[in-house]
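To start, the structure under review is shown below, and the notes come after it.
The values are calculated or read from the model by the stated rules, or taken from the named source; none is laboratory data. Source: prediction; values computed, not measured. Cβ placement follows ideal geometry from the backbone for every residue including glycine, while neighbour counts extend to all protein chains displayed. Just so you know, the surface numbers come from the protein's heavy atoms only, side chains and all, with ligands and any DNA or RNA stripped out. Shrake-Rupley method; radii C 1.70, N 1.55, O 1.52, S 1.80 Å.
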Amino acid sequence: MEITKEHIYSTDNASLHQCDESEIYELSFSGDTVYFRACELITFKRKIQKIDLATLLSSETPDIEIIHMPHCDRLFALTTHNILELKDLFAGAFTMLELNSVIHKQLIRKVI
Amino acid sequence: MKDILRRHSVLQDEVVDIINKQIKMEAQSSAAYLAMAAWCDKAGYDNCAEHFFKQSDQEREHQMKFFHYLVDMECDAVSPSVGDSQHEFDKLRSVFEKQLEMEIAVTDSIHDMVRVVRKVGDIATEEFLRWFVTEQIEEEYVARRCLELFDVLGEDKVGLGMVEERILDIEYDAGE
């Protein structure tokens, strides 16, 4: 059976898809692909959102921010540009996901 | 497209943040009450020490209620770091003054949480917080009654002895 991936949102170097079958999100970023369950994706998004770029840029090591995601045992070494792109990706992606939730609430679940 | 987000995520980020903040506040209160219990015990006020040990346990229970709520909702619950507590007091009354100040701060914080969940329309969390609103009425009542004992009985040796005798009898009857 062919597994279809739904496109959620893209930026220049990043994209997020979801697989309805497995309920897994697929993050493609700078040529790399990482898989997340919903709660892991929310955790990752919160970690990215909480990075204060003003503080980062005024620190002694402004180039790189390290984010650990235990679920895939990965360390993400993110440049300022990476962080900006991921913040942008998650802002767009979660707006789309929330819009999808509104559609389900107003149209699909009401019919059920 | 399947609504995976709604199936696995119940609380909004803002609500998760304020609950984690409250978990830290309850943990800090629990630690502060332990320090107060230690001061009372050292000064020979055994019943007052027991009162604060109980208060410390209660704050820990509140912390765990919030913690379990986040975990049950598949949200990130953060085990908090706790800062230093005040270990020195000039007299017994000061310890109870501190208790009332802490309880008022917790009440204000819970009420602020209710305002936030109302603003974002999180009816389930508002219902969950109802227990804490009621609990804080009791906590503030007990803290005020403790201080009133000092007003009524005085702060000489006999008065403090009577405070020590009566401190464990204070209970809130919810207007009954």
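Couple of notes before you dig in:
- Computed over chain B: relative contact order in percent, which uses C-alpha pairs under 8 Å that are six or more apart: 25
- Against chain B, whose longest principal axis is taken from its Cα atoms, helix B:92-120 shows a tilt of about 20°.
- Legend note: in the protein assembly as shown, cysteines whose Cβ sits 4.7 Å or more from every other cysteine Cβ are A:Cys19, A:Cys39, A:Cys72, B:Cys75, B:Cys146.
- Once the mean of 1/r is taken over each pair of separate Cα atoms and inverted, the stretch B:58-97 shows a Kirkwood hydrodynamic radius of 12.8 Å.
- The stretch A:5-111, accessible area per residue, ligands and nucleic acids excluded (1.4 Å, Å²): 56
- Assuming charge only on the beta carbon of Lys and Arg (+1) and of Asp and Glu (-1), the dipole of chain A about its Cα centre is about 580 debye to the nearest 20.
- Annotation: the stretch B:71-175 has a Kirkwood hydrodynamic radius of 16.4 angstrom, from the mean reciprocal C-alpha pair distance.
- Global form of the stretch A:1-61, assessed from the alpha-carbon gyration tensor, a/c cut-off 1.5: prolate
- One Cα centroid belongs to the stretch B:8-65, the other to the stretch A:1-73; the line between them spans 35 Å.
- Reduction of at least 40 Å² in accessible surface, 1.4 Å probe, comparing all protein chains with the chain by itself, residues of the stretch B:68-88: B:Asp76
- Ranked packing of B:117-129, A:81-93, B:76-88, most packed first, by mean Cβ within 10 Å: A:81-93, B:117-129, B:76-88
- C-alpha long axis of helix B:13-42 to longest principal axis of chain B, angle in °: 20
- At least 50 Å² of accessible area lost relative to the chain alone, listed for the stretch B:13-62 with a 1.4 Å probe: B:Asp13
- Taking Cα atoms only, the orientation of helix B:157-166 departs from the longest principal axis of chain B by about 40 degrees.
- Binned Cα-Cα distances of the stretch A:5-111, short to long, each 5 Å bin given as a whole percent: 2, 11, 21, 24, 18, 11, 6, 4, 2, 1, 0, 0
- Taking other residues whose beta carbon is less than 13 angstrom from the beta carbon of A:Arg74, and scoring Lys, Arg as +1 and Asp, Glu as -1, yields -2.
- Chain pair B, A: total accessible area buried, heavy atoms, 1.4 Å probe, Å²: 1700
- Normalised by the number of residues in the stretch A:5-111, the average gap of Cα pairs under 8 Å and 6 or more apart makes the relative contact order 22 percent.
- About its Cα centre, the stretch B:41-172 has a charge dipole of approximately 200 debye under the convention of +1 per Lys or Arg Cβ and -1 per Asp or Glu Cβ, with nothing else charged.
- Convex hull volume per residue for the stretch B:14-77, taking Cα atoms only, in Å³: 51
- Between the C-alpha center of the stretch A:74-101 and that of the stretch B:66-123 there is a gap of 32 Å.
- Burial ranking of peptide ranges B:89-102, A:65-78 (average Cβ count within 10 Å, highest at the top): B:89-102, A:65-78
- Average beta-carbon neighbours from other chains, 10 Å sphere, peptide A:91-100: 2
- Three-way shape label, chain B, alpha-carbon gyration tensor, a/c 1.5: prolate
- Based on protein heavy atoms only, chain B ends up with 53 Å² per residue of surface accessible to a 1.4 Å probe.
- Estimated translational diffusion coefficient (Stokes-Einstein, Kirkwood radius over Cα pairs, 10 °C, 1.306 mPa s) of the protein assembly as shown: 71 µm² per second.
- Interface residues of the stretch A:31-49, defined as those losing at least 10 Å² of solvent-accessible heavy-atom surface relative to the isolated chain (probe radius 1.4 Å), are listed as A:Ala38, A:Cys39, A:Ile42, A:Thr43, A:Lys45, A:Arg46.
- Each Lys or Arg adds one and each Asp or Glu takes one away; over the other residues whose Cβ falls under 10 Å from the Cβ of B:Tyr33, this sums to +1.
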